[in-house]
Structure formats: C-alpha cells, structure tokens
Amino acid sequence: MPRFYITTAIDYVNSRPHLGTAYEKIAADVIARYKRLAGFDTHFVMGNDEHSQNVFKKARENDEDPLAYCDRMAREFLDVWQRLDLSFDDFIRTTEPRHKAGVQELVRRMTAAGDIYEGHYEGWYCVSCEAFKQEKDLVDGLCPIHRTKPDWIREKNYFFRLSNYTQPLLEHFQAQPEFVVPDVRRNEILRLLEGGLDDISVSRAGQAWGIPMPEDPSSVIYVWVDALINYATAVGFGTDTLLFEQWWPADLHVIGKDITRFHCVIWPAMLMSAGLPVPRAVFGHGWVHFRGEKMSKSLGTAIEPLDAVQRFGPDPLRLYLVKEIAFGSDGDFTWERFEERYNVDLANNLGNLVSRVATMAEKYREGRLAPAGEPGRLAEIATSALAEYRQQMDRFALEGGAAAAFRIVDAANEYIASTEPWAIARDASRGAELSQVLFDVAEAVRIAAVMLLPMIPGSAREILRRVGDGTPPDRITLDGAVWRNAGERVLIKGAALWPRVETNQKLRSPSVKENVPTPPTAPWAPPVASPSTSEAVTPLSPPATTDNGAPPPAASPVDSRITIDDFMKVDLRVAKVLAAEKVPNSRKLVKLSIDVGTEQRTLVAGIAEAYEPEQLVGRTIVMVFNLKPAKLMGIESNGMVLAASPDGGKPTLVGFNADVPAGTRVR
Ligand code: MSP
C-alpha cells in the first residue's frame, strides 16, 4: 500500500485557534481524508509550537507556569480541532521529551557536519514572527505582517552555514519541480535562492524557555529550528528509528504563505546538513481575510471557528473554506457569504436532492430502488465528474474537487426536473422507466457523497446511509465510487439535513464584530455542546420538497419574528462623534471617540470608505450600547454603529431629521 505522510504548521499557543489557522488544518484534513479514500496508508500530524517568547510572556502575564499554560492551551486546541472533525493521527507538542531528544540530535548532526559556528547577531527581531528581520524586510520600520516595531537585539548566537546550501537547494528545485507548490510560491523562493543565502542564527542567548543547545546549555535553540524539526520527531527521529524509516521523508507539509521561506529554504538545508532526505512537497496556502485584512488575533481580525460549528456543525464551515477559496490563493470569510453558500449548496442543492430522492423512493417504491434497464445520462456525467475530481484532488486543487462533486448534484437536480418522475408515476406502463430514473438519481447521490467524504465527512456518511450504501465507513474507497447499475438500495427518509437559514442583511454592522447568524443545527447530527444555543431550534424554512418529491410551491412567509422582550435586550443609544481618525493600514476602519451622554467611548467602525473623518466629527449616530467590547486592529471597540449598506455597497449611517441629545435611548 502506498504511504502518505502529511503535516500542518504547528501553532503558537499564545492565543486560541482562529478561523485562519483552522482553515489550514481543515484543508490538510481534506487532503489526508482524500488520500485515505484513494487507498494510501496515511499519517496526518498536527501540533503546537510552544517555545515561543510570546507563549512564555502570555503565561507570565497570567501568572501561570509556562508548561501548565501550554497544557491548558493544548486542551483548548484539541477541543477545537476535534469539533472541526479533523482526523489527525498524532498531535505533537514541542515541549514533549520525544521532540526535545530529536531536536538536540538533529542539531548535533548539523554541528558534526561543520555547519554550526559561534558569532554575534545585532539587528531586528520580530517576536510575533519569531524572526530575525533585515531593514529591507520592514515597511515604515514595522514588521509588515504584524505591523509592530521589531526589537533591536545584540547577543551571542550560534549560526548555521545556510550560505553553503544555496547551490544544493537550487539543484534540488531543478530536480524536483513539485517541491514547492503552487508556482507563485516556488518562483518567490527561487528568486530568493538566486540572490544567494546568508548564514542564519540558530540559537538565542539569555532565555530559559526553549531547548538547550547540545554543546552550550546557556543558549537555547532558536524557536523556528526547534519547531521545524517537529515534522521529523513526530515520526520518531531521535527516539524510534523504525517509525522514522517507515514515514520519513514527509510527502507534504501544508503551511501558510508567510512561512514558506522557513519551510522551503531553511528546513531542507537543515536536513541536507544532517544527512537526511528532504520532504517531497511543501504547499504554501493563502490567507483567509476578514474584511480585507489577514485574519489574525494580533491584528484583532480573528473569527472564532466554533461560532460556526456551534450553529451549523463542522461540515458547512469545512465546505465553505474548501469550496469557496481556491487552495493556494487568499480568500474572504464573511457571515453573509457563508450563509448564502450554505443556503445554495447545502440547503437547496444537496440537502434538497437527498430529501427528494428518498421521498420519491418511499412514495413510489416503498423505499427500495433497483435498476430496471440501462442507466440514463447521469451515469456519464458522474463518471466524468469523478475523473475530474481525482485529477483536481491529486494536484491539491481542493476547490476543483468540491466543484466536481457539486456538478453531479446539480446534474441530478436537473435530471429530476427534466424527467419529472411524479409525471412518469401517473402512467402505469412506464414502471421500469420510473425505477431506472430513481435508481440513477440515488446512484448519482451516492457517488457525489463518496467524493464529498473528505470535505463534509459526517454529512457525507449520513447521505450514504440514506441512499442505502451500507459499506462500513472505513471500507469506503474512491474505486468504489464508479457507477454501479446493479443491486437493490433501501433508501431512508430523514429530517432536513440543512434547514435553510434566513439571511438578515438589514442590521449588518459595519463595526467590529459581524453579527453571527443563529440558524438551526442539523437535526440529524449529534448535538454540539453550545452554551449560547442550547435551546431547541425550529427550522426556519418550509420543507424543500413536497410529498411526492416535486418542487415545493412558493415559499410561505417565514416567521422569524422576535418578541418585544428580545428587542429590548438590545440597548440602542444616540451618541455624538467627538473625534474621528482613520485606523492606520486599514481601508475600511475608522476610530471614533463618542459621547454617549453618561461617558465617552472609543469605537471602531467599518465606514471609512464612505465617510472622511472630518465629515464624522459632530455627527449624531445610533449605536448598540450594550455590546461586549471587541478588538479590531489592536483597538478595543466599545459598541457598534448602525448603518445600512444597500446591495452590499458603501454604508450610510442611521440618523435623525431633528436634534436628539446624546444618551437618548432608541426604541
Ligand atoms: N508556529 C509557527 C509555525 C511553525 S511550523 C514549524 C506559526 N504559527 S502560527 O500560529 O502563527 O500559524 C500557524 C499556521 O496558520 C501558519 O501556517 C500560518 O500561515 C497559518 N495562518 C495564520 N493566519 C492565517 C490566516 N489568516 N489564513 C490562513 N492561514 C493562516 O507560524
């Protein structure tokens, strides 16, 4: 059986995972699940990077022992990853003994190769990147990623003769063109190599938090050198030779585009120096943006992935991130877009299809479907979509893989609309035709569900159960997804897989935190613990199909009204803008100082594209007064300004046509 060893970047634990870091793990999980489905013996490793200075600082701020802090954060990370249904086989932490032993062994080998020497470093260091920076790397004196001023440091360091590896790396890039994907990242690294490499520091002085240099315990190993080695120590380097031989070299490191230099230059050079094979490929994915900014805790633009999971289960979020963002490019997350895709892809297209075929199977064939002739045109469409899917997934075009599966879904929905099984059923002489049409639709759904197993594992398994595929989940293979015009299927009707959500554009806030929707959870799914949505939720939409599987009549009015008590929970107040200034490095955000009658507050609002700061000063606005504070671009915002954005365009502030004093309640 071919093997596939896949890893993700290991995360800093100075804050909880956010949607951006989760994106990487979900994408890697989709690849790992695809490889298993395609018959590879797959080993998928994730982990935590615990020796960073920020982690140490954070523990100290909390008055916690650093290791106890890391233990607590590891539990939080694992909880999030499990709720996202990530199928990792191992989770490595850099404070584990197995890791420390392997790191020291690798540095020993680099030393023995004559590649480590003692010297002094003087220059910039960005603690958030944990990276030594050159003047040319900075923008206006700031780290371009974290927008903070780096520290100027001068200390004794051990250096790695990276400069010796310029040529071997260039040769490696020639010999293995697939080493760095996508091409845009490969070209970036090639340009860097062509310019020649400088030696780099591999230790830090005067720090206790880290792994000691083997020959000089007064210095600790630079956190990036420590972290990169996790990919080898997780499969036994330095502790378990057999395991290491079984899995090394890694087939794929999945990492973000900000850390390709570490993975595509420093890491392979370290391995070459230690006499070890280099990984087969590194995939540098893009960033998930929120309102045009990289999603990041330190920039205050992070979204909590569990907000989506608590309300929808993990699968809609997984599908959105994989299907809507071309893997390798940057993409945006907004709740509006997420709700829209949920309704279109899941509620309308896939969910409706599953429900229609099961409903018709029950109504016309007592739930039992078997072929009664030759398959119709769906068989051809599904077969070509499956081939396309393999091609896309093999080159990690995950969005293309998802799109191929949805081509089958769309084709099956169209097939139902054009063949009109309910009309065939009225003609007793067309019984065989009806059996075949229904069987074809069920078979198309089965194939699409197998293809979607990597993206929406829980839901795809449920769909397979409903269309009568009794194969145990660990025995389902991609080879088994070929069209089978044989056998009997017993279909099962169930609750709506994805009840529609009502999207509410009216009160979208241009301010700090987006409104998080509260749609129904999938009733068939295991309940997800949710402190905020523990009460049972009634589906907001009418059923997607009628009793005989025909399209439903025009939707009846949906009752999503709230009581006066619900409304009164929102404390809306009049406020006056005292001062306004654009938030540096942001197109959309403006920082407001406002008078709310009883106090002055700071608030950040996303209205900079529509209003100049001068236009805002003295203006009367309406704000949500009792909103929990949130940080945006490092500024704490206390409240939310009300505005309307017609057709998603520029926002217009809510206002009055008479003077109303600051502090007046709006109701
Ligand atoms: N600890 C280092 C990685 C060491 S790997 C040997 C690190 N940690 S991190 O927590 O800052 O980031 C972890 C991963 O998440 C990185 O691959 C990073 O690129 C990715 N992302 C962080 N923010 C992201 C987005 N907004 N969008 C997509 N990926 C994001 O770097």
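Return the only residue of K591, K631 being within 22 Å of H289 (Cβ to Cβ), at pLDDT 90 or above and open to solvent by 50 Å² or more (accessible area, probe 1.4 Å).
None of the others qualify; the one that does is K591.
What about K149, is it surrounded by fewer than 16 Cβ atoms within 10 Å (Cβ to Cβ), in the same structural domain as S219 (by TED's automatic domain parsing) and under 30 Å from the mean Cα position of the chain (by Cα)?
Against the criterion (surrounded by fewer than 16 Cβ atoms within 10 Å (Cβ to Cβ), in the same structural domain as S219 (by TED's automatic domain parsing) and under 30 Å from the mean Cα position of the chain (by Cα)), K149 qualifies.
Specify the residue that is modelled with the lowest pLDDT; the eligible residues are those in the stretch 110-124 that are crowded, with 18+ Cβ neighbours inside 10 Å and over 32 Å from the mean Cα position of the chain (by Cα).
Filtering first and then ranking leaves Y121.
Could you pull out the residue among G300, G206 that is at pLDDT below 95 and surrounded by fewer than 18 Cβ atoms within 10 Å (Cβ to Cβ)?
Going through G300, G206 in turn, the sole match is G206.
Where residues in the stretch 60-77 are within 16 Å of the ligand (Cβ to nearest atom) and either open to solvent by 50 Å² or more (accessible area, probe 1.4 Å) or touching a Pro at 6+ places or on another chain (Cβ under 9 Å) (or both), which of them is nearest to A22 (Cα to Cα)?
So, considering only residues that are within 16 Å of the ligand (Cβ to nearest atom) and either open to solvent by 50 Å² or more (accessible area, probe 1.4 Å) or touching a Pro at 6+ places or on another chain (Cβ under 9 Å) (or both), the one nearest to A22 (Cα to Cα) is F77.
Can you tell me which residues in the stretch 173-228 are in contact with an Asp or Glu (Cβ under 7 Å, 6 or more places away or on another chain), part of a loop (DSSP other than H, G, I, E, B) and closer than 20 Å to D11 by Cβ?
Once the filter is applied, which keeps residues that are in contact with an Asp or Glu (Cβ under 7 Å, 6 or more places away or on another chain), part of a loop (DSSP other than H, G, I, E, B) and closer than 20 Å to D11 by Cβ, the stretch 173-228 yields G210, I211.
Within the group L193, L243, which residue is surrounded by fewer than 16 Cβ atoms within 10 Å (Cβ to Cβ), assigned by TED's automatic domain parsing to the domain that holds V127 and of a type in the set (A, V, I, L, M, F, W, C)?
L243
Can you tell me which residues in the stretch 647-667 are more than 17 Å from R291 (Cα to Cα) and modelled with pLDDT under 80?
none
Can you name every one of the helices (runs of 4 or more DSSP H) wholly within the stretch 355-424 that holds 2 or more residues which are closer than 28 Å to R341 by Cα and open to solvent by less than 30 Å² (accessible area, probe 1.4 Å)?
Correct list: 377-394, 398-419.
Every residue in the stretch 1-40 that is more than 10 Å from the ligand (Cβ to nearest atom), open to solvent by 20 Å² or more (accessible area, probe 1.4 Å) and more than 22 Å from A460 (Cβ to Cβ), please.
Of everything in the stretch 1-40, those that are more than 10 Å from the ligand (Cβ to nearest atom), open to solvent by 20 Å² or more (accessible area, probe 1.4 Å) and more than 22 Å from A460 (Cβ to Cβ) turn out to be M1, P2, R3, R16.
Contact list please: Cβ distance under 7 Å, first residue in the stretch 212-225 and open to solvent by 20 Å² or more (accessible area, probe 1.4 Å), second residue at pLDDT 95 or above and of a type in the set (K, R), pairs at least six apart or on different chains.
Taking only residues 6 or more apart or on different chains, the pairs are P214/R108.
Could you check the stretch 327-349 and list, in sequence order, the residues that are within 20 Å of V409 (Cβ to Cβ) and either among the small types (G, A, S) or touching a strand residue (DSSP E or B) at 6+ places or on another chain (Cβ under 7 Å) (or both)?
A347
The values are calculated or read from the model by the stated rules, or taken from the named source; none is laboratory data. What you see is a predicted model, and the numbers here were worked out from it, not measured in a lab. Cβ sites come from the backbone with ideal geometry, for glycine too, and all protein chains shown count toward neighbours. For accessibility, only protein heavy atoms count, side chains too; no ligands or nucleic acids. Shrake-Rupley method; radii C 1.70, N 1.55, O 1.52, S 1.80 Å.
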